[in-house]
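K.L.:
Structure incoming, see below.
The numbers here are math on the coordinates, done by the rules we state, and not lab data. Just so we're clear, the structure is a prediction, and the values are computed from it rather than from any experiment. So basically every Cβ, Gly included, is an ideal-geometry build from the backbone, and we count neighbours across all protein chains shown.
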Ligand SMILES: Cc1cc2nc3c(=O)[nH]c(=O)nc-3n(C[C@H](O)[C@H](O)[C@H](O)COP(=O)(O)OP(=O)(O)OC[C@H]3O[C@@H](n4cnc5c(N)ncnc54)[C@H](O)[C@@H]3O)c2cc1C
């Protein structure tokens, strides 16, 4: 039985791992990937110590730091269930592996929200993408659509007007992002906005060929001929495997107190998967550190 299992190797999980290792806890870091959302971030300008650094490079540096310590790491497995057992917890993964620990930190972050319209699933990776930063350069000189009206969508649109031939920005609402981004996007001469429009369908057989949209007011439908669609409509917490054991808020985030405690003894949560506001790398890393220190205190008390 491990003393501590940390689920998720984004900024929160990897920072927790370093803090746990420095306390010499027998720790397993268990994650689907290493880097989390940091891998989909182009330039990070707000992580202290670096004026700017690519998200991928920053996550590599996190990983190198974790690997300086003798902790077990397992990747490529998704946790599917967490339950209480005598003396701690059992973590089950989609590869039918079981791990047991006296304490657990959940740091599973968030993932992009889907539109859930016909064609989206079939054409994922064939023109349908959730990361303009990662996939934008693949659509040089083509027509693309960006879906969403918040900061992520506006940033994606701002990037894509420099790369694509023409960009359609389709939003269910008026634009809700920062004014500075709205102004930049509005000044582009190769961008057309369809506000208060919904996406009905992604069209295409083996690749995206277009999208069907509908005006919410007039109900008029139209088709936009695009080869790429960037869906930027927010993120949802990766909290499903933990539904039965922790309290979730209405957004599906794990509720924690200011010490990252979930209310279940020995079970902590940190980073974007929690109700802690301001989803940022530096915040997630700080919360990961706090959770590991709190888990250490808990394990010390347990052994007395
Ligand atoms: C496009 C974009 C740009 C951003 N730009 C910035 C920026 O410039 N500056 C900034 O500070 N922040 C930025 N952010 C926010 C920042 O990336 C997040 O706040 C931060 O990554 C959260 O860290 P986390 O460790 O909580 O979660 P995540 O980074 O989401 O990591 C979660 C980890 O958990 C793993 N995981 C998930 N579910 C499971 C499961 N069931 N089983 C096992 N493992 C699992 C994942 O594989 C991943 O390793 C950006 C985010 C996005 C999407």
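K.L.:
Could you identify which residue out of 59, 48, 73 has the top mean-square fluctuation in a GNM of the chain using Cα springs shorter than 10 Å?
P.N.:
48
K.L.:
Follow-up. Kindly provide the helix-only [θ] at 222 nm of the chain, computed as the sum of -39,500 (n - 2.57) over DSSP H runs of four or more divided by all residues, to the nearest 500 deg cm²/dmol?
P.N.:
Taken over the chain, the calculation gives -7500 deg cm²/dmol.
K.L.:
Along the Cα→Cβ direction, 7 angstrom out, place labels at residue 251 and residue 207. What is the inter-label distance in nm?
P.N.:
Label at residue 251, label at residue 207, 3.7 nm between them.
K.L.:
On a full-extension model of 0.36 nm per residue, what is the gain between residue 165 and residue 258, subtracting their alpha-carbon distance, rounded to one decimal in nm?
P.N.:
Extending this stretch completely gives an extra 28.7 nm.
K.L.:
May I pose another question? Just the ratio, please: alpha-carbon radius of gyration of the range 115-157 over 2.2 N^0.38 Å, N its number of residues.
P.N.:
Output field value: 1.16.
K.L.:
Next up: For the range 45-73 and the range 99-115, what is the separation of their Cα centres, given in Å?
P.N.:
Cα centroid of the range 45-73 versus Cα centroid of the range 99-115: 19 Å apart.
K.L.:
Rounded to the nearest 0.05, what FRET efficiency is calculated for residue 83 and residue 56 with R0 set to 45 Å and r the Cβ-Cβ distance?
P.N.:
Rounded to the nearest 0.05, the efficiency is 0.85.
K.L.:
I've got another one for you. Based on the alpha-carbon gyration tensor of the range 132-260 and its eigenvalue square roots a ≥ b ≥ c, which shape applies: rounded if a/c is under 1.5, prolate if not and a/b is larger than b/c, or oblate?
P.N.:
It comes out prolate by the Cα gyration axes.
K.L.:
Would you mind computing, in nm to one decimal, how far apart the modelled labels at residue 46 and residue 174 are, each placed 7 Å from Cα along Cα→Cβ?
P.N.:
Calculated label separation equals 2.4 nm.
K.L.:
Rank by packing, highest mean first: peptides 18-25, 269-276, 74-81, 186-193, with packing defined as the count of other Cβ atoms within 10 Å averaged across residues.
P.N.:
Final packing ranking: 269-276, 18-25, 74-81, 186-193.
K.L.:
Can you tell me the equivalent ellipsoid semi-axes for the range 26-121? Use √(5λ) from the Cα gyration tensor, largest first, whole Å.
P.N.:
28, 22, 11
K.L.:
Got the relative contact order for the chain handy, in percent, Cα pairs under 8 Å and 6 or more residues apart?
P.N.:
Over the chain, the number comes to 21 percent.
K.L.:
For a protection proxy built on the mean count of beta-carbon atoms within 10 angstrom, sort 100-109, 141-150, 286-295 highest first, please.
P.N.:
Result, highest mean first: 100-109, 286-295, 141-150.
K.L.:
From the alpha carbon gyration tensor of the chain, can you work out the equivalent ellipsoid semi-axes (sqrt of 5 times each eigenvalue) and give them in Å, largest to smallest?
P.N.:
With the √(5λ) rule applied to the chain, the semi-axes are 40, 20, 17 Å.
K.L.:
Also, quick follow-up: Find the eigenvalues of the gyration tensor of the Cα atoms of the range 108-187, then list the square roots of 5 times those eigenvalues as equivalent ellipsoid semi-axes, largest first, in whole angstrom.
P.N.:
With the √(5λ) rule applied to the range 108-187, the semi-axes are 20, 17, 12 Å.
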